Amino acid sequence: MPTRRAFLQSTLAVIALPAVGLSIVHSAIAARPLRFVIDGGCAVARRLADCAGATLAGDDVAVLIELLNRDEADAWIGLTRDAQRFIFETLARPRGFELRYAGTHDYRTGTLQHRVVGDLALIAPHTQALAAAGANWPTALLDYAALLSRSRTPGDSARITTATLRPPGSADYLTSWCWRRS
Amino acid sequence: MLPPNLTQADFDRAMDELRAVLGREWVIAEDGPRRASYRDPFAPRDVDKSEPTAAVAPANVSEIQQVLTIARQYRLPLWPISTGRNFGYGGPAPRHAGTVVLDLKRMNRIIEVNEKHAYAVVEPGVSYFDLYRYLQARKIKLWMDPAAPGWGGVMGNLVDRGAGYTPYGEHFMAQCGMQVVLADGTIVETAMGATPNAKARHLYKYGHGAWVDGIFTQSNFGIVTQIGIWLMPEPPGYRPYLVTFPHEDDIHQITEVLRPLKLGMLVPNAATTVGLIWEAAVKVSRAQYYDGKGPLPDSARKRLASDLNIGNWNFYAALYGPEAIMNNNWKVIEESFRQVNGAKFYFEADRGGDPAFAYRAQLMRGIPNMTEYSLLNWVGAGSHVDFSPISPVTGDGALKQFHIMRDLCHRHGFDYIGEFLVGWRDMHHILMLVFERNDEERKRAVRELFEALVNEAAQAGYGEYRTHLDYMDAIAETYHWNERALYRSFEMMKDALDPQGILAPGKSGIWAGRSHHKRS
Ligand SMILES: Cc1cc2nc3c(=O)[nH]c(=O)nc-3n(C[C@H](O)[C@H](O)[C@H](O)COP(=O)(O)OP(=O)(O)OC[C@H]3O[C@@H](n4cnc5c(N)ncnc54)[C@H](O)[C@@H]3O)c2cc1C
């Protein structure tokens, strides 16, 4: 799996949406543009943006709505708390987006449990990458971004638990997801 | 599921006719993400019970009239929504499966903003974000009043009699002038708007003769297509503040202190007294404080209050006006609340970096945001339904309601997550029942709790101001004085205005004569 991180670092910009704790990271990964939505209120999620070398470019959920309306981005990948996922999903669905990948990342039992749902080709390597990255697991999302966005309709799931404690300033239950224009 | 009394063949024909009027894109009858977006994802019961059979989205009044003609012909039930964000009360979903959602989001024009007389006229699809951006872009010195979720709509929220947090927080009170399409396709302008070339359409509410605007709110008597809304002139000064109180039973004294301040308009806005967990849940989650079942124990509540520097009750309001007036008012307000032992006072500068203070400060000056959704993160993957009884602004009333609701929540294994929103002469007591979305056991517990809340509140003499789809009939039954005289009069109006019962069957427990049998 080739890493995309170096490429992303040179192309990203962020729109922070503190009103909902979301940040949007633009990227032009692969042939068709992708965007990332990151929970600005959560340290773990911010790590993804830091790792991508993202910069700030806005501060309103209305910006998200506007982008969804006029954007050519084909897929949106997120790492957010659940309510922020819900906000995105509610905006994306009527605009014809379909869920391609979903994950939950749960620190609440003192370990870190990843549960991912996607297509078969994606699930095993992605779960392994999440586990191998340990505390740096958000970077595995970045590395797998192109693959997540190409995932077919989710049908398979996998679960993995790692001995990783919740870092300070992080939410204890996060969701990752990918919505793609149908 | 098909609408009642309609065959598949008739339904398909109706959809084809609708496509001919609206275009294929705006008749959403196929299974898929677009139709799924009209479900209620927060439903505590099976979502299929309110699954819409299709959605249609007209672009103007003439298309609405044509949709109505087809609906009357086929007896197709239509559920009008404006922005469709009524989450906690049913989202965009209809009361009954088999209903077609009439989505008015494409009618999203801001028709007028009159700076001189401080009002706006909007169509259904205008969200708070839209209106705010419009005012900002044109540097118009008027404030609007958003509900907590900024993606909601000026009209949708108002016709469901929602509330915000500025001095114009009682939304229906700020409404002036309405355009409504009746089930037979007639367009009605209410009040002054009924005079041709009306000069005061959005300035005087009542016109001549019976004043009918109210019957088009929380009801199913017409489709509202335009609304006038008064906006607040930007005041010369604004100072939001927070007062925290240490004990649960302080709600008695807080409310007694507050009543004269509200009546005397020293607290001019729709102020809120927010419970501990509501205040905390914007910032932290339950699992960070307690991993057991049942309500948060006292020890965890104490830690929460001390870590976040908040009270068991947290009172938010704001000063508006010239400095001298704000300073004078503050003296009275501070002196009044100091009577409550342990009261602590904060202004914006004292709460830097506090997201709860920040979003409340925005709402009380009419800036829309979405921060309150973070409350759902309290339980990880949360949903919620709201239980919202009205309380008098008295210490006894507030304490009694609080005790009833807290104790019932605890008995059913839930945290009490509530706030009192004080309007003019009443308080909306909003109880957010937050539950794990994917946990069937918790959903069942919520349903049991909700039933108990409705019954106990009714026995104690408290009615709800608004409710979730699933409980519309149950709440309607509590308004039963004089053998349901009020609801019988609604039914007479319904039968007169919409004899086929095609508009929003079951909204607020109102059914047309022919569909009475459909009450759950
Ligand atoms: C976290 C959270 C916080 C909330 N805070 C608040 C709050 O502070 N204040 C508040 O009031 N609510 C609040 N709510 C409830 C709700 O989200 C808002 O009231 C929201 O504004 C309602 O959605 P909407 O404006 O899109 O209205 P819509 O969903 O468009 O309409 C609501 C209902 O009104 C009727 N209706 C709508 N348009 C028409 C029309 N044109 N003609 C006839 N009937 C129509 C329909 O029955 C419809 O279902 C909150 C919800 C959540 C989840």
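The values are calculated or read from the model by the stated rules, or taken from the named source; none is laboratory data. All figures in this text were calculated on a predicted structure; none of them were measured in a lab. Quick reminder, even Gly has a Cβ in these numbers, built from the backbone with ideal geometry, and neighbours come from all protein chains shown. Heavy atoms of the whole protein, side chains included, go into the accessibility calculation; ligands, DNA and RNA do not. Shrake-Rupley method; radii C 1.70, N 1.55, O 1.52, S 1.80 Å.
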Residues of region B:97-109 being more than 11 Å from the ligand (Cβ to nearest atom), away from every other protein chain (no Cβ under 14 Å) and surrounded by fewer than 24 Cβ atoms within 10 Å (Cβ to Cβ), in sequence order, are B:Ala97, B:Gly98, B:Arg109
Name the residues in region B:458-488 that are acidic (Asp, Glu) and within 21 Å of the chain's Cα centre (by Cα), would you?
B:Glu464, B:Asp470, B:Asp473, B:Glu477
In region B:246-257, is there at least one residue being within 16 Å of the ligand (Cβ to nearest atom) and either touching a residue at least 12 places away in the same chain (Cβ under 8 Å) or within 14 Å of chain A (Cβ to nearest Cβ) (or both)?
no
Over region B:156-181, the set of residues within 11 Å of the ligand (Cβ to nearest atom) and closer than 17 Å to B:Gly222 by Cβ is B:Gly156, B:Leu158, B:Val159, B:Asp160, B:Arg161, B:Phe172, B:Met178, B:Gln179, B:Val180, B:Val181
Where the second residue is more than 10 Å from the ligand (Cβ to nearest atom) and open to solvent by 20 Å² or more (accessible area, probe 1.4 Å) and the first is assigned to a loop (DSSP other than H, G, I, E, B) and lies in region B:65-92, which pairs have Cβ atoms under 6 Å and are six or more apart or on separate chains?
B:Arg75/B:Gln500
Is at least one residue of region B:51-70 open to solvent by 10 Å² or more (accessible area, probe 1.4 Å) and acidic (Asp, Glu)?
yes
Give the number of residues within region B:38-80 that are more than 12 Å from the ligand (Cβ to nearest atom) and within 23 Å of B:Val180 (Cβ to Cβ).
20
If you go through region B:212-226, how many residues are over 22 Å from B:Gly513 (Cβ atoms) and part of a strand (DSSP E or B)?
3
Output for region B:448-464, where each listed residue is in a helix (DSSP H, G or I), out of contact with any Leu (no Cβ under 9 Å at 6 or more places or on another chain) and surrounded by 18 or more Cβ atoms within 10 Å (Cβ to Cβ)
B:Val454, B:Ala457, B:Ala458
Does A:Thr161 fit the bill of being touching a residue at least 12 places away in the same chain (Cβ under 8 Å), more than 14 Å from every other protein chain (Cβ to nearest Cβ) and surrounded by fewer than 20 Cβ atoms within 10 Å (Cβ to Cβ)?
yes
So, in region B:1-50, how many residues would count as being assigned to a helix (DSSP H, G or I) and of a type outside the set (D, E, K, R)?
14
Please indicate, with yes or no, whether at least one residue in region B:119-134 is more than 21 Å from the chain's Cα centre (by Cα), among the basic types (Lys, Arg) and open to solvent by 10 Å² or more (accessible area, probe 1.4 Å).
yes
Check on B:Glu419, in a helix (DSSP H, G or I), among the acidic types (Asp, Glu) and either open to solvent by less than 40 Å² (accessible area, probe 1.4 Å) or touching a helix residue (DSSP H, G or I) at 6+ places or on another chain (Cβ under 9 Å) (or both):
no
Quick check, is B:Tyr132 within 16 Å of the ligand (Cβ to nearest atom) and either within 14 Å of chain A (Cβ to nearest Cβ) or in a strand (DSSP E or B) (or both)?
yes
Near pairs, Cβ below 6 angstrom, 6+ apart or cross-chain, from region A:48-66 (within 13 Å of chain B (Cβ to nearest Cβ) and on the phi < 0 side of the Ramachandran plot) to any residue that is in a loop (DSSP other than H, G, I, E, B) and modelled with pLDDT of 70 or more:
A:Val61/B:Met370
Going by the structure shown, is B:Ala137 over 30 Å from A:Thr90 (Cα atoms) and surrounded by fewer than 24 Cβ atoms within 10 Å (Cβ to Cβ)?
no
Can you pull out the residues in region B:187-214 that are open to solvent by less than 50 Å² (accessible area, probe 1.4 Å), in contact (Cβ under 8 Å) with a residue 60 or more places away in the chain and within 16 Å of the ligand (Cβ to nearest atom)?
none
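With touching a helix residue (DSSP H, G or I) at 6+ places or on another chain (Cβ under 6 Å), over 15 Å from B:Lys283 (Cβ atoms) and modelled with pLDDT of 95 or more as the only criterion, which of B:Phe347, B:Phe387 stands out?
Among B:Phe347, B:Phe387, only B:Phe387 is touching a helix residue (DSSP H, G or I) at 6+ places or on another chain (Cβ under 6 Å), over 15 Å from B:Lys283 (Cβ atoms) and modelled with pLDDT of 95 or more.
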Out of curiosity, is B:Ala93 within 16 Å of the ligand (Cβ to nearest atom), open to solvent by less than 10 Å² (accessible area, probe 1.4 Å) and within 14 Å of chain A (Cβ to nearest Cβ)?
yes
Going through region A:134-152 one residue at a time, which ones are in contact with a strand residue (DSSP E or B) (Cβ under 9 Å, 6 or more places away or on another chain) and modelled with pLDDT of 85 or more?
A:Gly134, A:Ala135, A:Trp137, A:Pro138
Failed condition for B:Gly23, given (1) in contact (Cβ under 8 Å) with a residue 24 or more places away in the chain; (2) of a type outside the set (Phe, Trp, Tyr); (3) away from every other protein chain (no Cβ under 14 Å), with all others met?
(1)
In this structure, does A:Leu147 turn out to be hydrophobic (A, V, I, L, M, F, W, C), outside any helix (DSSP H, G or I) and in contact (Cβ under 8 Å) with a residue 60 or more places away in the chain?
no
I'd like to check something: does region B:199-210 contain any residue that is out of contact with any Phe, Trp or Tyr (no Cβ under 9 Å at 6 or more places or on another chain) and within 19 Å of B:Gln65 (Cβ to Cβ)?
no
The condition of being surrounded by fewer than 20 Cβ atoms within 10 Å (Cβ to Cβ) and of a type outside the set (D, E, K, R) holds, among B:Ala43, B:Ala9, only for B:Ala9
Restricting to region B:428-442, what's the tally of residues that are buried (at least 19 other Cβ atoms within 10 Å of the Cβ) and more than 21 Å from B:Asp407 (Cβ to Cβ)?
1
Boolean, B:Gly153 is under 11 Å from the mean Cα position of the chain (by Cα), within 24 Å of B:Gly222 (Cα to Cα), within 14 Å of the ligand (Cβ to nearest atom) and within 14 Å of chain A (Cβ to nearest Cβ):
yes
Among the residues of region B:378-399, is any in contact with a Cys (Cβ under 6 Å, 6 or more places away or on another chain) and either away from chain A (no Cβ under 14 Å) or not small (Gly, Ala, Ser) (or both)?
no
Wholly enclosed strands (runs of 3 or more DSSP E) of region B:250-350 bearing at least 3 residues in the same structural domain as B:Phe435 (by TED's automatic domain parsing) and touching a Gly at 6+ places or on another chain (Cβ under 9 Å)
B:271-275, B:313-320
